[in-house]
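Take a look at the structure set out below.
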Amino acid sequence: MNTLLFTIATLCVIGVVAAIILYIVAQKFKVEEDPRIDDVEKMLPGANCGGCGFPGCRGLACALVEQEDISSLYCSVGGADCMKAVADYLGKAAPVKEAQVATVRCGGSCEKRPRTSTYAGTKSCAIASATYVGETNCAYGCLGYGDCVEACAFDAIHINPETGLAEVDADKCTACGACVKACPKGVIELRKKWPKNRAIYVSCVSKDKGAVTMKACKAGCIGCGKCSKVCEFGAITIENNLAFIDSTKCRLCRKCVAECPTGAIKMIGLAPLPPKEKPETKTETK
Amino acid sequence: MKTFPIGGVHPSDNKKWSKAKAIEVMELPDVVNIPLAQHIGAPATALVKKGDMVKVGEKIAEATGFMSANIHAPVSGTVTAVDLQPNGQGLRQMMVTIKREGDEWAEGIDLSADLVKECNLSAAEIIARIKEAGIVGMGGATFPTHVKLSIPDGKKAEILIINGVECEPYLTSDYRTMLERGEELLVGTSILMKAVSVDKAVIGVENNKPDAIKHLRELAKGYNGIEVKALKTMYPQGGEKQLIAAVTGREVPAPPALPIDVGAVVCNASTAVAVYEAVQKNKPLVQRVVTVTGKSIKDTKNLLTRFGTPVSALIEKCGGLPEGDNRVLNGGPMMGRPMSNLQSPVMKGCSGITILSGAEALRGEPSACIKCAKCVEACPMGLEPYLLAKQSKKKAWEAMEQNDIVSCIECGCCQFTCPANLPLLDYVRLGKQTVMGIIRARNAKK
Amino acid sequence: MANRTIVASAPHIHSSLSTTRLMGDVIIALLPALAVSVYVYGWGVLGITAMSIGCCVLFEALIQKFFVRGKQTITNLSAVVTGLLLAMNMPANIPLWIVVVGALVAIGVAKMPFGGLGKNPFNPAIVARVFLLIAYPVQMTSFAMPSTEGFVDAYSGATPLAAAKAGLLNFAEYDMLGMLAGNMAGSFGEVATLALLLGFAYLLVRRVITWHIPVSILATVAIFAALYGAFSFDTPHLASNFALFHLLSGGVVLGAVFMATDYVTSPMTTKGMVIYGVGIGALTMIIRLWGAYPEGMSFAILIMNSVVPLINKYIKPRRFGAKK
């Protein structure tokens, strides 16, 4: 019995002494930090995705607290509400940024883009694209090995086994940009997010000449320029044999969609315009 | 018998398929595509345009800057295009397309077979001729030879090493060249010795080619300062650093150190023959010996091929592709680049076309790493491939740099030996490329 | 297009090495020692071995199927090796139910919870052996005496090490040759030193392991024991006998050749392997001479297993071009 009491007493004394030492050390080495950083960090989503350009949510919180002008800082995961709450708390003007969504700009599904070789190496887009052109003859399109899927912290992008292409779940996507960085082909772009996930975009990034693109893929943009001619808002530019729709200028009028000879301009959440007669059916290639 | 000090593996050499086949001349193709980037460094600048007539040996592209090489027309005919064409990996690069008409050589090129031993040129003149002829390392690395021979100030070459190792399995192009063009090889070696002003040269040959060793030793008696050294067969002895270590016992320090830092200059055996032709015969580099081989190839051959000839034509000449799916390699099975586009042209660095078929063409199923340390044991550079692959997977580029990833020579010993069939080099190579990019960006900032 | 080219980056060929082949070689290397055990202790040891291997494989298959999920891994034979080693670390007269418990600890505690082969920090067979030694000390240390007739004698004997610990041994007259051939009490796999060395030679020839770990362990044990002997005995003959005794007794050879060389739990570089081996040798002797247990091999290996990540982190191979 004595032994037991002695043991308990010893343990208690050790515990108390250790606690006192810890307390002194904690006091002595205390890092003076703005307490608001902790509060702001709590207001942020805590995904630590790095989409803001800082290594984690705490990095952004520090910057938000320290910088006078926070208009260049933005957490796309939290969105406008979160930024407004943070700005109100700090008494600064809330940064404004239009909502965005990651968009996979490749329509070269298994059916449209014939496979010409079999890739037997490591299933990684980065490794495959460093090895060769890929299983199809298109050097620009989606490889479908899912580097973006691995990079996504929000389970918002997946490879569709039927098309072999990456697809974004617009409701889950936070526009953090991780997939954009992970894609070695530069297929993914952050575009303006319309209500109801509506979108119109050129689903191709091939800079090859029209004839080459057409040979490799039936759904590719051949840079014919018909879409840019019909666009009333000057949203479509043609560069390097490739049409690009500026999502900040596009008004979703859908005229370009009907013009595209290869169907490379994709439309989501919108009904097609009523068909009208085409004056000429010959496709123009450069 | 000597070999390099660390690591190495013993893949079965499979040279029996093509070693007995004497060099044959490949028929001239009707159309050739000549890439402007057939070497390490900046692509050459085209000197011709659509519609121009060219003769064999005429310069059609000029070296762009120091680290680049000239390119000459391998056939005579009309230039039909200077445009982007897919290379062996299906990636588009600038190529000059020539439609062949006859076989008319440019003036001043000695096409006779007579051996010209005498060379009275100075070192600078020799290097200038080599540069003019567009010679690059023909073992596969395609490093411009004139750059290698221009010894930087303050450094001194002590020994010239001719690389007759050909440690890649299957390939026999250097071997056949050594056997059939030994005299030219030795004259070329003497010229190279003069170019870098050394009085000692060693031709390193692995002892799985005893007849080449014997033949060259016999011939070398007629030349001063050239020794033929038999080396213990071990992959990757043909690696520049490994060969220097095997021959001289000196180890080239980690990059950015170069072979010249230990006083060595290494040239491939086929390159030495090309040097002979350029300097003594005024013949630019327009052709090379290409081994077409594989276990399922009907008629393996060593073909003297003009550059620009489509790979598919060579394969047809050897009986065509075997039935089923094949892996077609530009080079040997350890370091060769896989090809998806067989219409692509033969280039300066293409020592062979190896075709793996059936089960050989597929990779084994990977399983978990058992930390057997076989990759560490096999790495000729003393690296830890298992660790580098793991860090590459985690994108830990800084840690990879600390673990000396830039020393990796991508020889493939780690992946070859891995009992778990892990794609170690896939990840290590990705990491090396990324880290090199980071280092380049950092240096550019400074 | 009838034929498609297959594309993957270099290297395009692979050596014939596989995990299964390496594990198979370890099993083959253990067979001579097992055969001697059968000769010395009778057919009973085969029953123990079969039970141990069967349980290890079964547990691994079940855990893989129901918990880990994914591809079945028993075909890599690693569970067989664990089972075989575990069995060889037991007395020849061990009750079979203890073998089952041991297999469960080896596979279910030391191996699979970490993610299976390649991820376990400690050698599963040794974890199981140490667990059994602590949990069932009586059964694990009642050793059957070898009998030349091929039967297990009715009474149990002390191991030479236990006898030495108790101060009952006369080193001047001890039968070293008998020990070499397996004529001593102990776990049934560890007694046949010659047969184990034969297995070592086979592993070296097949390039399954390198010499670094076993040789550094054996050398350290020998040197340690010789030094201790030199200080505590009067004649050099006794000191050398003492060293030889420590080399041949207990699990030194089995541990050095087969347990310490376990790929997963040993260092990756040759330098690291030597450090690891010296550590095991020294710890073994410290435990034997000053510890509470007569034998320290298992503990020494376990302790050094825990140091392996540190060794791997700080001991790098000599890079090509670096100073020798």
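Structure values in brief
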{"read-out": "Rounded Å value of the spacing that divides the Cα centres of the stretch B:179-200 and the stretch C:1-76", "value": "54 Å"}
{"read-out": "Cysteines without a disulfide-compatible partner [chain B; Cβ-Cβ under 4.7 Å]", "value": "B:119, B:167, B:267, B:318, B:350, B:369, B:372, B:379, B:408, B:411, B:413, B:418"}
{"read-out": "Order by protection proxy (mean Cβ within 10 Å, highest first), peptides C:206-216, C:247-257", "value": "C:247-257, C:206-216"}
{"read-out": "For the stretch C:208-284: span of alpha carbons on each principal axis (Å, largest first)", "value": "43, 21, 17"}
{"read-out": "Among the listed pairs B:156/B:229; B:19/B:194; B:446/C:316, those beyond 26 Å (Cα-Cα)", "value": "B:19/B:194; B:446/C:316"}
{"read-out": "Exposure proxy ranking, count of Cβ atoms within 10 Å, fewest first, for A:84, A:112", "value": "A:84, A:112"}
{"read-out": "Between helix C:270-290 and chain C: long-axis angle, C-alpha atoms, 0 to 90°, nearest 10", "value": "30 degrees"}
{"read-out": "Proxy reagent accessibility, fewest Cβ within 10 Å first, across A:267, B:436, B:138", "value": "B:436, A:267, B:138"}
{"read-out": "Fewest-first sequence of C:5, B:305 by Cβ atoms within 10 Å of each Cβ", "value": "C:5, B:305"}
{"read-out": "Nearest-ten-degree value, helix A:79-90 long axis tilted from longest Cα axis of chain A", "value": "40 degrees"}
{"read-out": "Calculated P(r) tail over 33 Å for the stretch C:19-312, as whole % of Cα pairs", "value": "17 percent"}
{"read-out": "Contact order relative to length of the stretch B:269-383, as percent, for alpha carbon pairs under 8 angstrom and 6 or more apart", "value": "25 percent"}
{"read-out": "Relative contact order of chain C, defined on C-alpha pairs under 8 angstrom at six or more residues apart (%)", "value": "18 percent"}
{"read-out": "Percent antiparallel among DSSP beta bridges (both partners in the protein assembly as shown, rounded to 5)", "value": "65 percent"}
{"read-out": "For residues of B:408-419, the mean tally of beta carbons on other chains within 10 Å", "value": "4"}
{"read-out": "Proximal lysines to residue A:92, defined as alpha-carbon separation beneath 30 angstrom and excluding residues fewer than eight positions away on the same chain", "value": "A:30, A:42, A:84, A:172, A:192, A:193, A:249"}
{"read-out": "FRET efficiency, 1/(1 + (r/R0)^6) with R0 35 Å, evaluated for residue A:240 and residue B:141 via beta carbons", "value": "0.60"}
{"read-out": "27 Å Cα-Cα threshold exceeded, pairs from B:2/B:348; A:185/B:393; B:15/B:148", "value": "B:2/B:348; B:15/B:148"}
{"read-out": "Kirkwood-type radius of the protein assembly as shown, with distances r between different C-alpha atoms, in Å", "value": "33.9 Å"}
{"read-out": "Pairwise centroid distance, computed over Cα atoms, of the stretch C:88-140 with the stretch A:119-164, Å", "value": "44 Å"}
{"read-out": "Residue with peak Gaussian network fluctuation, chain B [Cα springs, cutoff 10 Å], from B:288, B:181, B:363", "value": "B:363"}
{"read-out": "Per-peptide average of other Cβ atoms within 10 Å, ordering B:349-362, B:109-122, A:239-252 highest first", "value": "B:349-362, A:239-252, B:109-122"}
{"read-out": "Peptide C:260-267, shielding by other chains (average Cβ, 10 Å cutoff)", "value": "3"}
{"read-out": "Filter on A:181/A:266; B:99/B:317; B:59/B:432; A:97/B:432; B:117/B:200 - keep pairs with C-alpha separation over 27 Å", "value": "B:59/B:432; A:97/B:432"}
{"read-out": "Per-peptide average of other Cβ atoms within 10 Å, ordering B:64-76, C:17-29 highest first", "value": "B:64-76, C:17-29"}
{"read-out": "Helix-only CD estimate at 222 nm, as mean residue ellipticity for chain B, using -39500 (n - 2.57) per DSSP H run (n ≥ 4)", "value": "-8000 deg cm²/dmol"}
{"read-out": "Spatially proximal aspartates and glutamates relative to residue C:313 (Cα-Cα < 12 Å; intrachain offsets below 8 disregarded)", "value": "B:384"}
{"read-out": "Helix C:236-248 vs. chain C, principal-axis angle (Cα, 0 to 90°, nearest 10)", "value": "40 degrees"}
{"read-out": "Shielding by partners - mean other protein chain Cβ count within 10 Å, residues of A:125-131", "value": "6"}
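Just so you know, all these numbers are worked out from the coordinates, no wet-lab data involved. Worth saying up front: this structure is predicted, and the values here are computed from it rather than measured. All Cβ positions, even for glycine, are placed from backbone atoms using ideal geometry, and neighbour counts span all protein chains on display.
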